[in-house]
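K.L.:
If you scroll down you'll find the structure; I have some questions about it.
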Amino acid sequence: MAMEENGKGGSATGDMLSSVKEYISLKIDETKLKGVEGMALFCSRLLYIFLAALTILIAFILFALALGFLLGEYLGSDSLGFTAVGILFIILFGILYLFRKRLFLNGLVRFFIKILFDDNSR
């Protein structure tokens with residue numbers, strides 16, 4: 001009596017094999033859904049960062065233009081005002097270049113680790 005009949009007319013071994021197949025299928029589906037959820041979360045955050053950066057960039061450009069015109073009034077020439085703003089940007093770029101590792105690289109690594117591995121954000 002290795003194979004006993006259950007009340008449904010199938011063998012216990014057949015039912016167990018069917019249950020294992022269904023369990024594996026459900027686990028595969030769960031893994032796929034988790035992957036889709038992770039990619040959707042990553043893409044939505046990436047889109048948000050892109051749009052926020054674009055908005056800040058536009059605002060920054062408008063403020064730079066306003067500063068150029070303002071300095072142009074004080075210096076008596078719009079050309080001198082925009083030259084002063086250009087020099088200010090070159091100095092700012094130099095400072096950012098000198099501190100790029102501390103300001104950007106380490107921060108970006110921490111940011112992406114948080115996005116990719118933080119389960120509390122879901």
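K.L.:
Please find, among 109, 36, 85, the residue that is on the phi < 0 side of the Ramachandran plot, assigned to a helix (DSSP H, G or I) and surrounded by 12 or more Cβ atoms within 10 Å (Cβ to Cβ).
P.N.:
Working: 109 fails: surrounded by 12 or more Cβ atoms within 10 Å (Cβ to Cβ); 36 fails: surrounded by 12 or more Cβ atoms within 10 Å (Cβ to Cβ).
Criteria check complete, one pass: 85.
K.L.:
Look at residue 72 and say whether it is part of a helix (DSSP H, G or I), touching a Phe, Trp or Tyr at 6+ places or on another chain (Cβ under 9 Å) and modelled with pLDDT of 90 or more. Show your work before the answer.
P.N.:
Working: part of a helix (DSSP H, G or I): yes; touching a Phe, Trp or Tyr at 6+ places or on another chain (Cβ under 9 Å): yes; modelled with pLDDT of 90 or more: yes.
Considered against the rule, which asks whether it is part of a helix (DSSP H, G or I), touching a Phe, Trp or Tyr at 6+ places or on another chain (Cβ under 9 Å) and modelled with pLDDT of 90 or more, residue 72 comes out as yes.
K.L.:
Moving to a separate point now. Quick check, is residue 7 part of a helix (DSSP H, G or I), over 20 Å from the mean Cα position of the chain (by Cα), at pLDDT below 85 and over 30 Å from residue 115 (Cα atoms)?
P.N.:
Details: part of a helix (DSSP H, G or I): no; over 20 Å from the mean Cα position of the chain (by Cα): yes; at pLDDT below 85: yes; over 30 Å from residue 115 (Cα atoms): yes.
It is false that residue 7 is part of a helix (DSSP H, G or I), over 20 Å from the mean Cα position of the chain (by Cα), at pLDDT below 85 and over 30 Å from residue 115 (Cα atoms).
The values are calculated or read from the model by the stated rules, or taken from the named source; none is laboratory data. Quick caveat, the model's predicted, so the values are computed rather than measured. Cβ coordinates were reconstructed from backbone atoms using ideal geometry, including for glycine residues, and neighbour counts include every protein chain displayed.
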